[in-house]
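Shown next, in structure tokens, is the structure this report addresses.
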Amino acid sequence: MIGQTLRHYKILSELGRGGMGVVYKALDTKLNRTVALKFLPPDLTRDQEAIDRFVNEAQAASSLDHANICTIYEINETAEGQLYIAMAGYDGQTLEKKIAGADGRPPVPIENVVDIAMQIARGLERAHEAGFIHRDIKPSNVIITTRGEVKIIDFGLAKLAGQMHFTKTGNLSGTVAYMSPEQVQGQAIDHRTDIWSLGVVLYEMLTGTLPFQGEGDHALIFSIVNEDPRVVTALQHETPGLLAQIVHKAMQKNPAGRHQTMAELTGDLVFFRAKTAASSIEKNIPAIVVLPFADLSPQKDQEYFCDGLTEELVNALSKIEGWRVVSRTSSFAFKGKEQDIRAVGKQLNVSHALEGSVRKAGNRLRLSAQLTSVEDGFQLWSGKYDREMGDVFAIQDDIAAAIVDKLKMNLAGDQQAHLIKRYTENLAAYNLYLQARFYLNKRTEPGLRKS
């Protein structure tokens with residue numbers, strides 16, 4: 001047939017073939033555009049059921065004008081009486097080939113999985129609005145164009161809602177592996193059977209394998225009806241838990257437990273993508289926690305001073321652009337607790353931690369501070385200060401400046417002079433101020449009275 005011209009279509013090459021037809025790439029000589037021609041095989045031209053299904057595909061798809069549904073131009077027949085459908089030709093590949101070409105890597109990148117699934121869902125939402133159930137959603141019936149556009153094809157099994165899915169001979173129509181439990185059992189189906197099928201497609205895109213398997217249709221049907229699939233994250237650890245939850249919800253055996261509409265499924269995917277984008281932005285912003293300084297004074301009476309120093313450093317580092325600084329409330333949740341700095345960093349989602357200690361004896365102040373990378377627990381910087389109490393402001397500035405220098409933080413011109421805000425130069429007043437703030441932060445009635 002290649003090289004022949006049928007009506008105004010010149011056959012260029014074969015694109016693929018299956019049980020219900022052979023598809024050719026052709027040139028529409030009237031409009032000078034590339035099209036796809038799907039022919040009903042000659043051996044099925046006397047099979048009324050096959051003819052009805054072929055015509056149904058053209059009628060169903062042509063009535064749905066949507067960017068994610070293949071465009072049908074016409075249905076006609078050759079001079080010899082062979083039926084064909086003329087549809088838009090797309091440069092690209094089927095989703096089935098995209099999944100198969102993964103070479104052992106996660107079949108489809110997560111960001112692409114979400115985009116593809118959303119486009120399929122939107123196309124099916126349009127079909128459901130028109131009263132059609134596709135009933136045969138699977139990777140081979142989805143084309144991904146070179147521009148990343150999704151096109152749903154093969155509406156041959158599409159039925160109006162409420163119609164049964166068995167053929168007159170009692171055989172299952174469609175590909176069993178993607179069918180819902182109600183579909184494989186011959187029960188009444190509605191649009192939620194397509195939601196199940198899309199869930200299976202999502203699972204396969206993420207893991208490269210089908211959620212339900214068996215040797216032969218009977219074993220496969222048993223698995224679909226009775227067995228739970230392995231959790232997505234157990235097969236692909238990098239799959240976010242929220243996305244895995246969406247997939248497994250779509251594949252709930254009871255239709256009432258699934259997303260109830262394609263719009264609901266799309267909404268969950270939109271939410272996941274937005275949350276992922278926000279997390280990605282946050283992860284790219286470096287973060288630091290200033291842990292409460294420990295009181296190593298002999299009398300253990302400098303807790304207020306340690307807390308005040310910690311707060312001053314939190315406030316100072318918070319002024320620096322391009323960094324996130326953990327709040328006092330979150331930081332002080334770790335006060336007095338012996339925990340691995342890497343565990344603390346993971347809980348707070350930070351890249352660095354500053355910790356230290358204070359020992360005060362008379363008017364002498366001994367202070368040490370350490371900056372640690374929470375990723376590996378290695379110390380990046382440490383400083384020790386043994387000075388008179390009168391140097392407390394200079395010590396605070398020195399520590400903040402050392403952190404800024406070590407982490408290559410950027411300071412605006414007016415921040416260069418002093419990162420630590422000095423409320424007073426009077427040490428006695430400053431000491432009383434720190435004590436008042438210490439008791440106030442206890443949020444107790446005795447503390448409020450003392451403050």
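The numbers here are math on the coordinates, done by the rules we state, and not lab data. Quick caveat, the model's predicted, so the values are computed rather than measured. Note: ideal-geometry Cβ built from the backbone for every residue, glycine included; neighbour counts use all protein chains shown.
Within segment 54-89, the GluC sites (Glu not before Pro) that combine a DSSP coil assignment with at most 11 other C-beta atoms in a 10 angstrom radius are Glu80. A straight line joining the Cα centroids of segment 217-264 and segment 322-393 runs 46 Å.
The loop-placed GluC sites (Glu not before Pro) in segment 180-229, going by DSSP, that have at most 13 neighbouring Cβ atoms within 10 Å of their Cβ come out as Glu215, Glu227. Annotation for segment 338-393: GluC sites (Glu not before Pro) lying in DSSP loop with at most 12 further Cβ atoms inside 10 Å of their Cβ are Glu338, Glu375. The count of lysine pairs in segment 215-361 with alpha-carbon distances below 24 Å, taking only pairs 8 or more places apart or on different chains, stands at 14.
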